[in-house]
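Accompanying notes for the structure given below.
Nothing in this text is a laboratory measurement; each read-out follows from the coordinates by a stated rule. Keep in mind it's a predicted model, so treat the numbers as computed, not measured. With ideal geometry, Cβ positions are generated from the backbone for all residues, glycine too; neighbour counts draw on all protein chains shown.
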Amino acid sequence: MAEDVKGHDVAGLSDHALSILAFAAYHRLVSGERVTSVIRRDGAGHEADPEGVKELEARGLATAGETEIDLGAAAQEAVETLVAALRGAVGR
């Protein structure tokens, strides 16, 4: 089972929840820095998947405000794992 020291489980996340972590992984790749939050609503019509937001919150992996999603430690680690997997897929 994939979990952090606080026991927040990331195993079996839906594609809805993964879409939010993938968005965070994009920002991680572009910035080169650890991502601790992502935009939930940008005011221009773009919005994080509502079901994914609910799932991350229900699992204790994130806290969502009106416009931002704060990622907890386990979600941040999952983003790092996604980035490593992407790099590994292209031989890096």
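Which of the GluC sites (Glu not before Pro) found in the stretch 23-72 are in a DSSP loop and have at most 11 neighbouring Cβ atoms, other than their own, within 10 Å? Mind dumping the intermediate values first?
On the way: sites: Glu33, Glu47, Glu51, Glu55, Glu57, Glu66, Glu68; in loops: Glu33, Glu66.
Answer in residue order: Glu33, Glu66.
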Once you have the Cα-Cα distance between Glu66 and Val30, take 0.36 nm times their residue separation minus that, and quote the gain in nm to one decimal.
10.5 nm
Could you pull the Cα extents of the chain along its three principal axes, largest to smallest, in whole Å?
37, 31, 21
Do the sum for the chain: with -39,500 (n - 2.57) for every DSSP H run of n ≥ 4, divided by all residues, what is the mean residue ellipticity at 222 nm, to the nearest 500 deg cm²/dmol?
-15000 deg cm²/dmol
Work out the charge dipole of the chain with +1 on the Cβ of Lys and Arg and -1 on the Cβ of Asp and Glu about the Cα centre, then indicate which of Leu61, Val83, Val38 is farthest towards its positive end.
Val83
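Which of the DSSP-defined H helices in the chain satisfy a minimum axial length of 15 Å, computed from C-alpha atoms, and a minimum mean Kyte-Doolittle hydropathy of -1.0?
Taking the DSSP H segments of the chain (at least 15 Å long, mean hydropathy at least -1.0), we get 15-31, 73-89.
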Could you compute the net charge surrounding Gly65? Neighbours are other residues with a C-beta less than 15 Å from the C-beta of Gly65; K and R count +1, D and E count -1.
-3
His46 versus Ala84: modelled label distance in nm, points set 7 Å from Cα along the beta carbon direction:
2.8
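List the trypsin sites (Lys or Arg not before Pro) within the stretch 10-53 that DSSP assigns to loop and that have no more than 16 neighbouring Cβ atoms inside 10 Å.
Here the sparse-neighbourhood loop sites are Arg34.
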